[in-house]
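Notes for the one structure printed next.
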């Protein structure tokens with residue numbers, strides 16, 4: 001009896017150590033997105049923006065130009081690829097992701113949570129034509145109103161990697177608050193949603209987006225959702241967050257930390273964004 005108990009304890013300890021080690025192995029990056037970036041045209045920076053918003057876009061797109069000479073790109077799509085750390089059921093998994101956006105219209109999320117670099121859980125979700133579809137390891141949720149609201153906010157929140165859409169989309173509005181804060185209003189169904197945008201007083205860059213969002217289809221109330229730009233760098237030709245985090249206010253710490261490694265702008269993503277299943281290029285580099 002004692003020997004059997006000791007063997008069981010040793011087996012449990014070995015299993016815990018193996019899992020601990022496996023959760024410290026980063027997955028290899030995805031293969032490069034198969035379609036090439038297309039030419040990006042540019043338009044003048046609007047002149048009627050709140051002061052912190054003007055500083056932000058100038059720092060992002062034309063830090064050495066006067067505001068009147070600043071040009072911003074017209075972005076129609078973006079493919080954002082990288083690796084992440086995702087907390088799922090209290091366990092933080094090394095992961096890799098590819099977020100594909102039709103700018104301001106919809107997205108596809110493909111995420112692999114891994115153990116020893118091997119996919120353990122696959123998340124394949126999309127938000128297109130105002131309808132969400134979440135294909136998760138434990139079930140599928142489609143066109144649920146609270147998930148649609150959350151997905152729409154995810155679409156606009158992730159636009160921090162293609163921020164020009166927050167200027168060029170005529171449905172988006174900026175309102176002043178103070179020298180370091182503005183309200184970002186984005187469309188949702190027949191109405192709109194409002195983010196609080198906070199800007200770094202020293203760099204002028206966007207530091208946080210905050211909004212009330214449903215966690216899932218079973219939520220009885222919205223929870224404050226915070227996106228934070230952690231590290232800025234030049235990716236895909238523009239100055240955007242290299243590292244960003246997402247936090248539910250009631251949890252206190254980020255449930256997701258994304259590290260962007262590649263952004264392809266204005267590629268043709270029409271068929272790709274509507275595809276289901278495993279990515280055809282999910283092999284590693």
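The values are calculated or read from the model by the stated rules, or taken from the named source; none is laboratory data. It should be emphasised that the depicted structure is a prediction, and the values quoted were computed from it without experimental measurement. Please note: Cβ atoms are built from the backbone with ideal geometry, for glycine as well, and neighbour counts cover all protein chains shown.
Just a few scattered comments:
- Every pair of residues 6+ apart whose Cβ atoms lie under 7 Å, when the first sits in the stretch 256-278 and is in contact (Cβ under 8 Å) with a residue 24 or more places away in the chain and on the phi > 0 side of the Ramachandran plot while the second is crowded, with 20+ Cβ neighbours inside 10 Å and part of a loop (DSSP other than H, G, I, E, B): 266/75; 266/76
- Qualifying residue in the stretch 85-94 (condition: modelled with pLDDT of 95 or more, under 15 Å from residue 279 (Cβ atoms) and within 16 Å of the chain's Cα centre (by Cα)): no
- Between 115, 120, the distinction of being without any contact (Cβ under 8 Å) to a residue 40 or more places away in the chain and surrounded by fewer than 20 Cβ atoms within 10 Å (Cβ to Cβ) belongs to 120 only.
- Applying the condition of being part of a loop (DSSP other than H, G, I, E, B) and either without any contact (Cβ under 8 Å) to a residue 24 or more places away in the chain or touching a strand residue (DSSP E or B) at 6+ places or on another chain (Cβ under 6 Å) (or both) to the stretch 34-47 and asking which residue is surrounded by the most Cβ atoms within 10 Å (Cβ to Cβ) yields 45.
- Wholly within the stretch 138-229, strands (runs of 3 or more DSSP E) carrying at least 1 residues that are in contact with a strand residue (DSSP E or B) (Cβ under 8 Å, 6 or more places away or on another chain), without any contact (Cβ under 8 Å) to a residue 60 or more places away in the chain and crowded, with 21+ Cβ neighbours inside 10 Å: 181-188, 191-199, 206-213
- For the stretch 240-249, a residue qualifies if it is in contact with a strand residue (DSSP E or B) (Cβ under 6 Å, 6 or more places away or on another chain) and assigned to a strand (DSSP E or B), and the qualifying residues are 241, 242, 243, 244, 245, 246, 247, 248.
- Of all residue pairs spaced 6 or more apart or on separate chains, those with beta-carbon atoms under 6 Å, a first member in the stretch 48-71 that is crowded, with 17+ Cβ neighbours inside 10 Å and a second member that is at pLDDT below 95 and in a helix (DSSP H, G or I) are 54/67; 58/67; 70/58.
- Filter result (out of contact with any strand residue (DSSP E or B) (no Cβ under 8 Å at 6 or more places or on another chain), at pLDDT below 95 and in a loop (DSSP other than H, G, I, E, B)) within the stretch 103-129: 116
- Per-region count, the stretch 144-170, residues out of contact with any helix residue (DSSP H, G or I) (no Cβ under 6 Å at 6 or more places or on another chain) and under 30 Å from residue 218 (Cβ atoms): 17
- Those strands (runs of 3 or more DSSP E) lying entirely in the stretch 54-102 with at least 3 residues farther than 24 Å from residue 183 by Cβ and out of contact with any helix residue (DSSP H, G or I) (no Cβ under 9 Å at 6 or more places or on another chain): 77-88, 91-102
- Test: residue in the stretch 277-285 that is in a strand (DSSP E or B) and either surrounded by fewer than 16 Cβ atoms within 10 Å (Cβ to Cβ) or at pLDDT below 90 (or both): yes
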